[in-house]
Amino acid sequence: MTPSQRFLAACRRQPVDRTPVWFMRQAGRIFPEFRALRRQYGFVELMQHPDLCAEITVMPVERLGVDAAILFADIMTPLAPLGVDYRIEPGVGPVVGQPLAAAADLGRLRRFDPREELAPVLETVRLVRRALGDRVPLIGFAGAPFTLACYLIEGRPSREFHRARALMYGDPAFWHGLMERLAETVLDYLRAQVEAGVQAVQLFDSWVGGLGPAAYRRFVLPYSSRVLEGLADLGVPRIHFGTGNAALLPLMAEAGAEVVGVDWRVDLDRAWEAIGPDKAIQGNLDPAALLAPFDQVEEQARDVLRRAAGRPGHIFNLGHGVLPETPVDHLRRLVELVHRETERPAEA
Ligand code: CP3
């Protein structure tokens, strides 16, 4: 089995010759070449250079031996053509110039065609596909409407996103109007990524763990579901990921993806019970474990594998993004370990 077949088969819960593995935030971040590039270009400026973005996307495939590449872009990328002025502040994250506060602000959001206004990202997809050939599949991605709404309302990273949650309850017309526009934008953008060549998509709802199940069902699920269901006809596997969201897993499973990504705060076998046997699962080694000596990485990784053993449909990943200070060699050895430990003859 090629890594491409391995990853795509696992997403569909078909038998594989070894468990596929990739890491969220594997592109950029940990590589010295990326840091050197970042001294030359601002993050948003870097997005205008498909050749460089393609190179960063392919780097972990060559250096780490992972079974999938993830497009180098950011969840904020589609917000610029929407009319949102933002920058990525090193060590902080996305900072929005004029946060949204009321329904009147929705008028500031423009309609746009991603094929035109996000052409450099789509060009990156085409360059990566050409560079990778059939070696490994390329995963496209977008931020989910809720996580994007959090940044648009708070204006910057926040621990609890109180303002966003307060507006969600206090101004439902604004909230639903915003979520509708974001769902539409994200769906168009992901469809354009698939047209350009991505072979799977991941919807990142990183901050969704701030909500309880009832609020999630009412204020968030319909919009994530609209995005995921809106991709159904394209036939590419869909991965739906959140953090701090153990109580939301059954609802996130309902939203429509084939694969649910889980963070490290829940045991993988329990998480699989919560999302149900008809879904594949992605996760969930604690990214901080990779900062410990490798024998500890090994022990933690084996525990994840043990909890996934005996049924098809596990994609090994971390429970959240790779931490910037992670030793590259630990990641490379972890890929080898997962492959070695799970090797089995493929069924005909
Ligand atoms: O996986 C990959 O490596 C592909 C590229 C990718 C980036 N951001 C590049 C990036 C992906 C998949 C993302 C997703 C993303 N961005 C998420 C969802 C995943 C998650 O971690 O929860 C979120 C919440 C963001 C928002 C964001 N962008 C933050 C919080 C930050 C700052 C912290 C950091 O260093 O990641 C960014 C900036 C960003 N996005 C960088 C990179 C490589 C660092 C930019 C820099 O060099 O200053």
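All of the numbers you see were taken from the coordinates with simple rules; none came from a lab. As the structure is a computational prediction, the values presented were derived from the model and not from experiment. Here the Cβ is made from the backbone with ideal geometry for all residues, glycine too, and neighbour counts use every protein chain on show.
Using a 10 Å cut-off on Cβ atoms, rank the peptides 313-325, 166-178 from the highest mean neighbour count down. Let's see the in-between values first.
Details: 313-325: 21.9, 166-178: 16.0.
Top of the packing list down: 313-325, 166-178.
Counting each DSSP H run of 4 or more residues in the chain as -39500 (n - 2.57), what helix-only mean residue ellipticity at 222 nm follows after dividing by all residues, to the nearest 500 deg cm²/dmol? The partial results should precede the final answer.
Working: 15 runs with 159 residues, N = 348.
When only DSSP H runs of four or more count, the value is -13500 deg cm²/dmol.
Give the residues of the range 185-221 whose amide nitrogen is closer than 19 Å to a point set 7 Å from the Cα of E160 in the direction of its Cβ.
207-216, by backbone N distance to the label point.
Can you give me the distance in nm between label points at L234 and D113, each placed 7 Å from the Cα along the Cα-to-Cβ direction?
The answer from the label model is 1.7 nm.
List the GluC sites (Glu not before Pro) within the range 1-103 that fall in a DSSP loop (any state other than H, G, I, E or B) and whose Cβ has at most 14 other Cβ atoms within 10 Å. Let's see the in-between values first.
Details: sites: E33, E45, E55, E62; in loops: none.
Listed in order of number, the matching sites amount to none.
Label point 7 Å out from I88 along Cα-to-Cβ: which residues of the range 129-148 have amide N under 20 Å?
Label zone hits: 129, 138-148.
For the chain, list the DSSP H helices whose alpha carbon atoms reach 24 Å or more along the long axis and whose average Kyte-Doolittle value is 0.0 or above?
Values: long enough: 172-196 (35 Å, 0.04).
Answer set is 172-196.
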